[in-house]
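K.L.:
My structure is below; once you've seen it, I'll send some questions.
The values are calculated or read from the model by the stated rules, or taken from the named source; none is laboratory data. Not measured: the values here are computed from a predicted model. Note that each Cβ is placed from the backbone with ideal geometry, even for glycine, and that neighbours are counted across all protein chains shown.
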């Protein structure tokens with residue numbers, strides 16, 4: 001029964017254009033973020049140049065060019081022994097970035113070559129010319145090498161790179177909190193309007209001839225939850241891909257934080273959307289849905305704002321305490337896990353409390369839902385609804 | 001057999017049902033009549049388990065109606081109930097599945113009933129795109145798609161065009177032949193007597209009359225006599241006969257149920273040549289109005305009684 005209700009929800013929602021569009025939009029936005037951050041940081045992949053050498057290369061030319069290219073972080077591929085005509089054609093066609101004619105001592109290029117390439121080739125040329133001169137002066141190869149390749153400067157970093165990691169983890173933590181908020185709001189809202197739709201269209205009367213109210217509730221929450229999870233996982237996966245694209249080094253806590261966010265999302269969604277479903281069952285008209293759900297939306301929004309107040313200091317005592325409380329945990333805990341601020345005890349405690357609260361909410365909703373769902377006329381208040389349970 | 005026994009239900013201070021009792025036998029169709037607010041829908045919703053009753057009990061084949069039993073019922077609520085954005089086909093398949101049919105059976109049943117109620121051409125349209133008449137056909141199909149043992153139809157004829165009414169009547173007749181029990185409510189009294197021989201009339205949460213339509217009509221304490229003459233006449237009926245309508249060459253009378261039609265005809269025959277004579281009990285509309293205590297005066301002809309009775 002629950003399975004039938006669930007699969008109806010999934011089929012109807014996944015098929016809708018709205019779902020496809022928003023999922024595509026979220027994924028593209030997240031991927032776009034990765035691409036953008038990479039573009040801003042610059043390309044890590046070294047630029048590659050193709051250079052032909054007409055005839056034989058001067059002794060030591062190739063080695064020096066490669067060494068120089070390495071220090072400038074570019075790649076130069078030398079093709080030695082090309083004939084003049086082929087080299088010229090290659091340059092003209094754009095297949096080659098430049099050609100060197102050692103016999104004539106010229107650099108052939110279509111337009112002025114990049115500074116890096118010009119510098120690398122010039123270094124190679126000069127150093128091989130110097131080596132040739134030194135050899136002529138009677139120096140042996142070891143002596144020449146000592147003159148031409150003195151030991152370079154080596155770099156020692158004394159700052160720690162942790163700040164970058166922290167910033168990234170916090171940024172990703174906030175981003176997932178925003179995503180959690182958007183998703184729970186959007187799909188919780190879907191549960192709310194879905195319940196009101198069933199009530200206002202009267203279909204609930206026909207449905208309840210076939211199944212029990214709590215089955216209907218569970219099917220709706222888990223069905224829409226499945227749809228939400230599809231979208232949420234797709235967006236998270238896009239986030240992981242975006243992190244890779246951006247080329248940033250990713251701190252380890254994120255690789256734990258991102259996947260476990262999904263778990264917080266699932267339980268948080270069930271908790272909030274059960275409340276939304278209950279609120280929806282209090283009203284008979286779509287116009288009244290939002291006002292019935294207002295108290296829940298308020299709690300949820302407060303929880304969301306708390307992320308921004310406490311998220312900046314995930315290690316603070318306030319953050320520790322609040323992130324354990326069930327209404328806040330689904331939004332705040334993922335951030336604290338991602339930044340590595342949450343201890344295992346806190347995580348377990350938060351999870352246990354959240355699961356207990358969600359289970360209690362499901363029990364309560366299951367007990368009241370049948371009566372609130374069939375209530376007709378004016379909007380029920382929370383107090384009235386809870387009294388319906390005791391009068392059963 | 002559906003057995004509704006002494007069922008009582010209050011909504012706050014309002015007594016909705018005040019000991020309603022009725023039965024619907026296997027393969028029997030019962031018309032459920034009564035003015036608005038009399039308790040028809042409440043009774044039906046109680047049978048479908050949509051409201052908890054305060055007193056009395058309801059059984060099907062002698063057993064209390066559990067959720068499992070209820071899945072073998074078909075229900076058409078007064079305020080229709082379908083998913084507006086689901087296609088006709090998906091809707092029928094879904095409800096068939098909920099009633100326990102396998103995916104394949106549900107699919108075939110959906111197609112069968114879409115054909116049967118003549119909406120197969122709209123199979124892949126969303127329900128909200130259909131006219132209200134067609135939506136009602138779909139609603140009936142939903143009630144029937146799992147071949148229920150008992151049909152509870154709340155105002156199945158309201159809002160249907162004559163063609164759809166005929167279609168609905170045919171389907172109900174077929175269902176009866178197949179052994180299905182039907183309880184349906186209606187305001188259209190002429191339809192009720194067309195479709196069912198048995199009626200239950202409720203008023204203010206109480207059953208005021210029930211039985212075979214013909215018996216109920218026969219049981220009325222008056223009859224209508226219509227006499228047509230070959231020529232114009234000024235004949236006056238004898239005794240306490242009340243003239244309902246007078247035409248140049250005819251007369252319509254309301255007389256006691258115990259009066260003798262033969263004597264009446266003989267008396268009329270002495271005034272002129274009689275070419276038409278009818279002696280009939282009141283029709284269901286009047287029985288209904290009499291039962292719920294509404295005045296029948298001012299009703300010119302029994303055939304003119306409004307078919308929609310509003311309180």
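K.L.:
Report, by residue number, each residue of region A:9-18 that is surrounded by fewer than 19 Cβ atoms within 10 Å (Cβ to Cβ) and assigned to a helix (DSSP H, G or I).
P.N.:
Within region A:9-18, A:10, A:11, A:14, A:15, A:17, A:18 qualify.
K.L.:
Tell me which residues, restricted to region A:86-116, are part of a loop (DSSP other than H, G, I, E, B) and more than 46 Å from the chain's Cα centre (by Cα).
P.N.:
Within region A:86-116, A:102, A:103, A:104, A:105 meet the criteria.
K.L.:
How about region B:51-61: which of its residues are at the interface with chain A (Cβ under 10 Å from one of its Cβ atoms) and either buried (at least 21 other Cβ atoms within 10 Å of the Cβ) or touching a strand residue (DSSP E or B) at 6+ places or on another chain (Cβ under 7 Å) (or both)?
P.N.:
Step one: list which residues in region B:51-61 are at the interface with chain A (Cβ under 10 Å from one of its Cβ atoms), which gives B:51-52.
Of everything in region B:51-61, just one residue is at the interface with chain A (Cβ under 10 Å from one of its Cβ atoms) and either buried (at least 21 other Cβ atoms within 10 Å of the Cβ) or touching a strand residue (DSSP E or B) at 6+ places or on another chain (Cβ under 7 Å) (or both), namely B:51.
For every residue, the table says whether it meets (1) farther than 16 Å from residue A:12 by Cα; (2) in a helix (DSSP H, G or I); (3) more than 14 Å from every other protein chain (Cβ to nearest Cβ).
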| position | (1), (2), (3) |
| --- | --- |
| A:174 | yes, yes, yes |
| A:179 | yes, yes, yes |
| A:216 | no, yes, no |
| A:221 | no, yes, yes |
| A:229 | no, yes, yes |
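K.L.:
Looking at residue A:202 and the list (1) within 12 Å of chain B (Cβ to nearest Cβ); (2) surrounded by 23 or more Cβ atoms within 10 Å (Cβ to Cβ), which single condition is not satisfied?
P.N.:
Single failed check for residue A:202: (2).
K.L.:
Which one is surrounded by the fewest Cβ atoms within 10 Å (Cβ to Cβ), of the residues in region A:52-65 that are out of contact with any helix residue (DSSP H, G or I) (no Cβ under 7 Å at 6 or more places or on another chain) and farther than 19 Å from residue A:146 by Cβ?
P.N.:
Per the criteria, the residue is A:56.
Residues are listed down the side, and each one gets a yes or a no for (1) free of Cβ contacts under 8 Å to residues at least 40 places away in the same chain; (2) under 21 Å from residue B:193 (Cα atoms); (3) assigned to a loop (DSSP other than H, G, I, E, B); (4) not assigned by TED's automatic domain parsing to the domain that holds residue B:178:
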{"site": "B:26", "(1), (2), (3), (4)": "no, yes, yes, no"}
{"site": "B:32", "(1), (2), (3), (4)": "no, yes, no, no"}
{"site": "B:36", "(1), (2), (3), (4)": "no, yes, yes, no"}
{"site": "B:41", "(1), (2), (3), (4)": "no, yes, no, no"}
{"site": "B:46", "(1), (2), (3), (4)": "no, no, no, no"}
{"site": "B:50", "(1), (2), (3), (4)": "yes, no, yes, no"}
{"site": "B:53", "(1), (2), (3), (4)": "no, no, yes, no"}
{"site": "B:56", "(1), (2), (3), (4)": "no, no, no, no"}
{"site": "B:59", "(1), (2), (3), (4)": "no, no, no, no"}
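K.L.:
I would also like to ask the following. Looking at (1) over 22 Å from the mean Cα position of the chain (by Cα); (2) closer than 28 Å to residue A:191 by Cα, can you tell me which one residue A:316 breaks?
P.N.:
Just one mismatch for residue A:316, condition (2).
K.L.:
Are any of the residues in region B:129-150 within 12 Å of another protein chain (Cβ to nearest Cβ) and assigned to a strand (DSSP E or B)?
P.N.:
Yes, the conditions are met somewhere in region B:129-150.
K.L.:
From the list B:16, B:67, exactly one residue is assigned by TED's automatic domain parsing to the domain that holds residue B:176 and closer than 21 Å to residue B:209 by Cα. Which is it?
P.N.:
B:16
K.L.:
While we're here: Within region B:62-95, take every residue that is in a helix (DSSP H, G or I) and more than 10 Å from chain A (Cβ to nearest Cβ) and give me the one that is surrounded by the fewest Cβ atoms within 10 Å (Cβ to Cβ).
P.N.:
Checked region B:62-95; the qualifying residue surrounded by the fewest Cβ atoms within 10 Å (Cβ to Cβ) is B:68.
K.L.:
Another question, if that's okay. I'd like to check something: does region B:99-108 contain any residue that is surrounded by fewer than 22 Cβ atoms within 10 Å (Cβ to Cβ), touching a residue at least 12 places away in the same chain (Cβ under 8 Å), closer than 21 Å to residue A:13 by Cα and within 12 Å of chain A (Cβ to nearest Cβ)?
P.N.:
No, that holds for no residue.
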